[in-house]
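Notes to accompany the following structure.
The values are calculated or read from the model by the stated rules, or taken from the named source; none is laboratory data. What you see is a predicted model; the values in this text were computed from it and never measured. For neighbour counting, all protein chains shown are included, and Cβ atoms are generated from backbone atoms with ideal geometry for every residue, glycine included.
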């Protein structure tokens, strides 16, 4: 049986028409809690003056930053905060932690989603590299002279433990192993191969799975010959989505080759080590990017190319049973909503991507001069 393929260019022309129809015909009975919000920020920089009259001197900017929430059910936007400062460069000063329902600033306060301010202190960092949620957190440090990786395990309950990975037993120099993810139940730690000189993840991906109970390390065999450009973990389901492509040699900068299309999407089982190709690929040099797992359907995935998000649902063999293309890139995907960033707004759908719920209104901003930058911060459901 041949696999059903969705080329990256399919439906691009009609996706815009579909999106326009949806934006023009809002769904009145919205399948989302009335107290569900998305949080985002806008930052603008205006050249103010030079620090002094010396040629090449630093330039100071007036930085305006705004934090907003958008109520999906009520279709209402509220400005939570504004920061104005003079600096040599304007960064996004806000971050959002949905679990706490708090917006953090680079200043000395934080905000709740009603705009109330609270003082706070940065708790600092617990380790050199930290990964994990729920049952186990993992911290590590590479000791270059000994070619060892020191790993510290911090369980949710019980005492912390530490062990040493002798990298020469698993990989040759100049590479070493370092954790890149932890399964939600704390039974598996996923290690990637890093370059000793730069400390960056090795081009492509070679994943090693550490069994916490047994204390053993296993290298995933699937896809070692693939040229990988992107990947993401499903730490709850112990799976991995991988995007592979074709190498394009960079003659002007040897050693800095790029990955181009045609590209494919692969699903890897991190328990069995087996993998399969899913039925979405590009047919030209456009590369797939941003692989994602659906939070509501274990058999639904997404990837992006040319400004379009491709959503597919597959059967046990990786054959497509349902597909949907939406113009925009995913910035949030939860049990309740799917949020995509378009050219001038955030568009909100139900988790399947088939029911349009609303969009932010950026009419208050002059987008013609390109001075504003926008950053999606997250979503949460709260009680007023």
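Residues in the stretch 65-112 that are surrounded by fewer than 16 Cβ atoms within 10 Å (Cβ to Cβ) and in a strand (DSSP E or B): 76, 78, 79, 82, 84, 85, 86, 87, 97, 109, 112. Note on the stretch 44-59: among residues that are in a strand (DSSP E or B) and over 19 Å from residue 82 (Cα atoms), the one that is modelled with the highest pLDDT is 59. Looking only at residues in the stretch 208-224 that are without any contact (Cβ under 8 Å) to a residue 40 or more places away in the chain and in a loop (DSSP other than H, G, I, E, B), the one that is nearest to the chain's Cα centre (by Cα) is 224. Identify, from the list 138, 128, the residue that is in contact with a strand residue (DSSP E or B) (Cβ under 7 Å, 6 or more places away or on another chain), under 30 Å from residue 213 (Cβ atoms) and modelled with pLDDT under 85. Answer to the check: 128.
When 233, 194 are screened for being out of contact with any helix residue (DSSP H, G or I) (no Cβ under 8 Å at 6 or more places or on another chain), at pLDDT below 90 and either farther than 24 Å from residue 277 by Cα or surrounded by 14 or more Cβ atoms within 10 Å (Cβ to Cβ) (or both), only 194 passes.
For the stretch 282-304, does any single residue satisfy the condition of being farther than 24 Å from residue 341 by Cβ and more than 20 Å from the chain's Cα centre (by Cα)? The answer is yes, given that some residue of the stretch 282-304 is farther than 24 Å from residue 341 by Cβ and more than 20 Å from the chain's Cα centre (by Cα).
Note on the stretch 326-337: residues that are under 18 Å from residue 39 (Cβ atoms) and assigned to a strand (DSSP E or B) total 5. Where strands (runs of 3 or more DSSP E) sit wholly within the stretch 262-325, those with at least 1 residues that are touching a helix residue (DSSP H, G or I) at 6+ places or on another chain (Cβ under 7 Å) occupy 308-314. Among the residues of the stretch 225-261, what is the count of those that are over 24 Å from residue 321 (Cα atoms), outside any strand (DSSP E or B) and in contact with a strand residue (DSSP E or B) (Cβ under 9 Å, 6 or more places away or on another chain)? Going through the stretch 225-261 one residue at a time, the tally reaches 6. Does the stretch 174-196 contain at least one residue that is more than 24 Å from the chain's Cα centre (by Cα), free of Cβ contacts under 8 Å to residues at least 12 places away in the same chain and in a loop (DSSP other than H, G, I, E, B)? No, the stretch 174-196 contains no residue that is more than 24 Å from the chain's Cα centre (by Cα), free of Cβ contacts under 8 Å to residues at least 12 places away in the same chain and in a loop (DSSP other than H, G, I, E, B). Here the condition is being within 30 Å of residue 259 (Cβ to Cβ) and modelled with pLDDT under 90; of 202, 219, it holds for 202 alone.
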